[in-house]
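Everything on this sheet refers to the single structure shown next.
The values are calculated or read from the model by the stated rules, or taken from the named source; none is laboratory data. On a predicted model such as this, the values are computed, not experimentally measured, just so you know. Heads up, the Cβs are rebuilt from the backbone with ideal geometry, glycines too, and the neighbour counts pull from every protein chain shown.
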Amino acid sequence: MTMASSLRRVVEDVLAQIVPREEDRKKVESTAELVQTLLGNEVKESGLNIDIEVGGSVAKNTWLRDDVDIDLFMLFPTSIDKRRLGEHGLSIAKKAVQIYPQRERYAEHAYLEAWVNDVRVNVVPCYKAGDGKWKSAADRSPFHTRYVVSKLRTTRLEDDIRVFKKFIKGIGAYGAEIRVEGLSGYLCELLTIHYGSFEETLQAISEWRYGEAIDSEKQYDCEIKEAQTLFPASLVVIDPVDKNRNVAAAVSKDRLAELIMASRLFLKNPSTCFFDLDKISATTTKLIKKLSIPYDVIVVQINTNEEIPDILWGELRKTQKALERLLRNNDFNVIRSDVWTDETENSAVLICLESKTIAKIRTREGPPGDTEGVQPFLEKYARDSVIGPWVEDGKWNVSLKRRSISAEAFLGEALSDGGLHVGVSRGLRDSLASSKIRSIQYSSLKKRADFSKFLEEFLDGRPRWLSRYYSSSSIVSSV
């Protein structure tokens with residue numbers, strides 16, 4: 001089988017699983033109409049002049065079977081201030097779908113996520129703004145929908161977009177939120193439209209370099225370097241409806257590196273393994289095997305109560321970086337770290353170390369022997385040293401006893417007051433003061449299936465798609 005025919009076969013197999021069937025379309029359409037009606041009734045009660053529009057992948061016909069969100073936009077008059085926009089929008093949305101499970105989410109301002117007929121529905125307040133006269137980030141969304149729909153009328157790339165979205169989901173790079181730092185659905189649509197097909201999109205991505213810039217509508221008159229200067233990001237994709245916005249601003253260098261390599265490997269050996277993100281499951285046997293590791297993992301287990309997941313993820317990421325930096329600055333060799341949360345009550349920062357214990361003493365290099373700094377150095381350390389001070393290669397040195405040689409004890413001391421002086425998120429300080437710090441072998445979170453799955457992947461270290469790729473004998477033999 002040629003590479004081209006192999007790729008076509010994989011694409012056909014994927015499309016057979018993701019293109020919505022007639023019954024899927026009817027369910028989504030009826031659910032969208034139901035929520036529109038419920039919102040319309042509440043809008044009438046409020047007396048406000050608000051339009052309601054369906055947006056996102058449903059309006060563009062780029063959604064995936066069994067993986068769909070319905071985005072409904074409530075377009076408010078521009079005369080209403082942002083505070084009232086959020087308050088009125090949430091109040092109306094909550095009343096409209098009050099009989100359905102719901103929770104508040106947050107982007108630039110709050111919006112409502114609800115589950116109606118087993119379909120996730122996002123109700124987003126925004127302004128009925130004119131082209132280019134945005135008052136909030138969501139104001140562009142109706143313009144995004146119109147732009148994509150206009151392009152798809154002639155290109156008919158809906159299925160190519162679906163396959164690309166499934167590929168991005170499969171490698172864990174789908175979503176612009178802090179939790180993922182990946183590609184939004186709109187960005188997936190723009191890239192496929194720009195390059196002309198799923199295959200051509202991956203071919204282009206496989207040749208990308210950091211700082212790649214794309215300006216489909218040539219809003220910078222081919223001066224792409226100007227766009228790169230204005231948007232110093234890992235990836236720059238100029239928004240066709242707003243030249244002052246980088247659609248790819250959320251894409252981290254890490255996600256971009258994974259995307260480039262996944263594209264190269266897929267084009268070399270097309271396989272459905274890149275699309276099957278949810279087929280990995282953690283088992284007790286696998287975890288026990290992976291826990292026999294030649295390194296140490298510390299878990300900072302936190303009881304969290306932040307109700308808005310997007311804010312919680314931001315707080316956890318900031319705390320993760322602060323704790324990793326703290327350990328590195330105190331001579332603990334950190335390999336990597338990550339965060340996990342169930343987005344309700346339980347969260348954790350995981351830190352992988354070469355060793356959770358370090359030497360009892362540390363050596364500090366002092367000033368050259370012919371400088372004025374020698375006397376202060378001696379006065380500070382001569383009485384409390386374990387060894388020295390002594391001169392070596394013309395510089396004074398001293399060995400001192402460490403306050404703590406255990407990463408667990410060191411973090412426990414640093415977080416005893418909530419980490420006031422180590423740079424953790426202010427929103428987590430109370431929770432961190434009562435956090436539990438354990439070696440992974442003794443963490444109570446291991447009993448949770450969702451955490452166990454995350455833990456298995458964390459211990460493995462490889463992106464999930466890479467594990468699947470190299471565990472496939474057919475692929476390994478052909479590489």
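Looking only at the range 201-255, count how many residues are assigned to a helix (DSSP H, G or I) and not aliphatic (A, V, I, L, M). Walk me through it before giving the result.
Filtering the range 201-255 down to residues assigned to a helix (DSSP H, G or I) leaves 201-205, 224-230, 253-255.
Checking which are not aliphatic (A, V, I, L, M) leaves us with 201, 203, 225-226, 228-229, 253-255.
Qualifying residue count for the region: 9.
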Checklist entry - Are there any pairs, at least 6 apart or on different chains, whose C-beta atoms fall under 7 Å, with the first in the range 244-267 and surrounded by fewer than 16 Cβ atoms within 10 Å (Cβ to Cβ) and the second assigned to a helix (DSSP H, G or I) and not small (G, A, S), and if so, which? => result L267/L202; L267/Q203
Checklist outcome for this item: Exactly one of K169, K218 is within 21 Å of L265 (Cα to Cα) and among the charged types (D, E, K, R), and that residue is K169
Checklist entry - Among V43, V68, V11, V19, which is the only one that is touching a residue at least 12 places away in the same chain (Cβ under 8 Å) and within 15 Å of N117 (Cβ to Cβ)? => result V68
Checklist outcome for this item: The condition of being surrounded by 13 or more Cβ atoms within 10 Å (Cβ to Cβ), under 19 Å from M261 (Cα atoms) and of a type in the set (S, T, N, Q) holds, among S206, S216, only for S206
Checklist entry - Just one of the numbered conditions (1) assigned to a strand (DSSP E or B); (2) without any contact (Cβ under 8 Å) to a residue 24 or more places away in the chain; (3) not β-branched (V, I, T) is not true of Q301; which one? => result (2)
Item to check | Enumeration of residues in the range 36-74 that are buried (at least 16 other Cβ atoms within 10 Å of the Cβ) and of a type in the set (S, T, Y) | outcome: S57, T62
Checklist entry - Is there a residue in the range 88-97 that is farther than 25 Å from A129 by Cα, in contact with a helix residue (DSSP H, G or I) (Cβ under 7 Å, 6 or more places away or on another chain) and in a loop (DSSP other than H, G, I, E, B)? => result yes
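Taking the conditions exactly as written (of a type in the set (S, T, N, Q), part of a loop (DSSP other than H, G, I, E, B), touching a helix residue (DSSP H, G or I) at 6+ places or on another chain (Cβ under 7 Å) and modelled with pLDDT under 95), does S281 satisfy them or not? Write out each step before concluding.
Working: of a type in the set (S, T, N, Q): yes; part of a loop (DSSP other than H, G, I, E, B): yes; touching a helix residue (DSSP H, G or I) at 6+ places or on another chain (Cβ under 7 Å): yes; modelled with pLDDT under 95: yes.
Yes, satisfied.
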Checklist entry - So which strands (runs of 3 or more DSSP E) are wholly in the range 307-395 and hold at least 2 residues that are crowded, with 20+ Cβ neighbours inside 10 Å and under 19 Å from the mean Cα position of the chain (by Cα)? => result 334-341, 346-353
Checklist entry - Can you tell me which residues in the range 284-307 are modelled with pLDDT of 80 or more and of a type outside the set (D, E)? => result P294, Y295, V297, I298, V299, V300, Q301, I302, N303, T304, N305
Checklist outcome for this item: Across the range 441-450, the tally of residues that are in contact with a Phe, Trp or Tyr (Cβ under 9 Å, 6 or more places away or on another chain) and not in a loop (DSSP other than H, G, I, E, B) stands at 2
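Would you mention how many residues in the range 66-83 are over 29 Å from the mean Cα position of the chain (by Cα) and not in a loop (DSSP other than H, G, I, E, B)? Talk me through it step by step, then tell me what you get.
From the range 66-83, those over 29 Å from the mean Cα position of the chain (by Cα) are 76-81; that's our starting set.
Cutting the leftovers down to not in a loop (DSSP other than H, G, I, E, B) gives us 76.
Adding up the residues that qualify gives 1.
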Checklist entry - Inside the range 409-435, can you point out the residues that are in contact with a strand residue (DSSP E or B) (Cβ under 9 Å, 6 or more places away or on another chain), among the small types (G, A, S), in a helix (DSSP H, G or I) and more than 19 Å from G314 (Cα to Cα)? => result A409, G412
Item to check | Residue list for the range 22-31, restricted to those being surrounded by 14 or more Cβ atoms within 10 Å (Cβ to Cβ) and either part of a loop (DSSP other than H, G, I, E, B) or touching a residue at least 60 places away in the same chain (Cβ under 8 Å) (or both) | outcome: K27, V28, T31
